[in-house]
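The values are calculated or read from the model by the stated rules, or taken from the named source; none is laboratory data. Please read these numbers as outputs of a predicted model, since none were measured by experiment. Protein only, heavy atoms only, side chains kept; ligands, DNA and RNA dropped before computing areas. Shrake-Rupley method; radii C 1.70, N 1.55, O 1.52, S 1.80 Å.
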Amino acid sequence: MKRDWDIMRSVLLEVEALNVKQTDEFVFFQPYNSEDPDGDRARHALMLEEMGYLKGIKYQTLSEGRFLKSPELTMPGADLLDTIREKKMWDKIKEVSKERGVGIAFDTLKGLAGLAATALMS
């Protein structure tokens, strides 16, 4: 599976929009044998949880797949989302990344955001 930053951004936005009741009931589910787009979203949510940007109840079953229940943003997750929330800024970050030949990674995102913000302000 290839990491897709657009999916990760949409996962962060979706989790942020959940109210308390919705958070308690919400589950990302990654089935073991499926090409379902929701499974792809779940894989990205689980990656965000592994990196500390989301927290929730993570579990798996032997027959079905992996789950992330009751997801919430962590403080680093909120900071990441603040960086990539606005569509115009996000599009500029991707453009700068492509122009510079630098892949978007957690470590490079802050620098790319700085370059993108400078480009947008000029």
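With only alpha-carbon atoms in the gyration tensor, what are the semi-axes of the equivalent ellipsoid for segment 65-122, in Å, largest first? If you can, show how the numbers build up before the last one.
On the way: eigenvalues 131, 36, 18 Å².
Its equivalent ellipsoid spans semi-axes of 26, 13, 10 Å.
When the distances between all Cα atoms of segment 1-46 are binned every 10 Å from zero, what whole-number percent does each bin get?
Reading the bins upward from 0: 27, 51, 20, 1.
Helix 87-100 sits at what angle to the longest principal axis of the chain, using alpha carbons and giving 0 to 90 degrees rounded to 10?
Result, in degrees: 70.
Under 8 Å for C-alpha pairs, at least 6 residues apart: give me the relative contact order for segment 28-116, rounded to a whole percent. Kindly include the intermediate steps, with their values, before the conclusion.
Details: 96 pairs, mean separation 19.1, N = 89.
RCO, segment 28-116: 21 percent.
Using a 1.4 Å probe on the protein chains only, how many percent of the accessible area of segment 1-69 belongs to carbon and sulfur?
Accessible surface attributable to carbon and sulfur in segment 1-69 totals 51 percent.
So which lysines can Lys2 reach, going by Cα to Cα under 24 Å and dropping same-chain residues fewer than 8 places off?
Lys55, Lys58, Lys69, Lys87, Lys88, Lys92, Lys94, Lys98, Lys110
Under 5 Å between amide hydrogens, which residues at least 5 positions from Leu54 or on another chain qualify, with H placed 1.01 Å from N in the peptide plane?
Under 5 Å from the amide H of Leu54: Glu49, Thr74.
Return one number: the angle in degrees, 0 to 90 and rounded to the nearest 10, between the long axis of the Cα atoms of helix 75-84 and the longest principal axis of the Cα atoms of the chain.
With rounding to tens, the tilt is 50 degrees.
Please state the shape class of segment 28-91: rounded when a/c is under 1.5, otherwise prolate if a/b exceeds b/c and oblate if not, all from the C-alpha gyration tensor. Show your work: numbers first, answer last.
Numbers: a/c = 3.63, a/b = 1.69, b/c = 2.15.
Oblate shape, in that a/c is at least 1.5 and b/c is the bigger or equal ratio.
Is the shape of the chain rounded, prolate or oblate, going by the alpha carbon gyration tensor and its root eigenvalues a ≥ b ≥ c, with a/c under 1.5 for rounded and a/b larger than b/c for prolate?
On the way: a/c = 2.63, a/b = 1.76, b/c = 1.49.
Here the chain falls in the prolate category.
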